[in-house]
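Colleague: Okay, here's the structure, questions in a sec.
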Amino acid sequence: MRRAKTKAVEADDISLRRSSVYREFLAEREEILKHKWLESEKVGHDIGYDRALLDWIMNHREKWRNRQNKI
C-alpha cells in the first residue's frame, strides 16, 4: 500500500525538479547515457553504465562542464 504524498512533500518535489543542481544532474546523466551508447556501438556490445560513467568522468566531464558554464 502506498502512502499519499503530503502537500509539503509535493512542494519539496517541485522545488527539487526546478533546482539548478537537479537540472545539471539530469543533463550530465543524459550525456553519460549518450556516451554509453556511442562506446557500446564502437565495441559491438553494451559496456554498462558503470564503465561508461567512469570513462566519461575521466575523459569528458571537465570539458562538458566548461562548455555548460559558458552557456
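The numbers here are math on the coordinates, done by the rules we state, and not lab data. In this text the structure is predicted, and so the values were computed from the model without any measurement. As a convention, Cβ positions derive from the backbone with ideal geometry for all residues, glycine included, and neighbour counts pool all protein chains shown.
Colleague: For D55 paired with T6, estimate the spin-label separation in nm (one decimal), with each label point 7 Å from Cα along the Cα-to-Cβ line.
Modeller: Modelled inter-label distance: 4.6 nm.
Colleague: On to the next question. Subtract the Cα-Cα distance of R67 and S40 from 0.36 nm times their separation in residues, and report this length gain in nm to one decimal. Working shown, then result.
Modeller: On the way: separation 27, 0.36 × 27 = 9.72 nm, distance 2.45 nm.
Extending this stretch completely gives an extra 7.3 nm.
Colleague: I've got another one for you. Classify the range 7-70 from the C-alpha gyration tensor, please: rounded if a/c falls under 1.5, else prolate or oblate depending on whether a/b exceeds b/c.
Modeller: oblate
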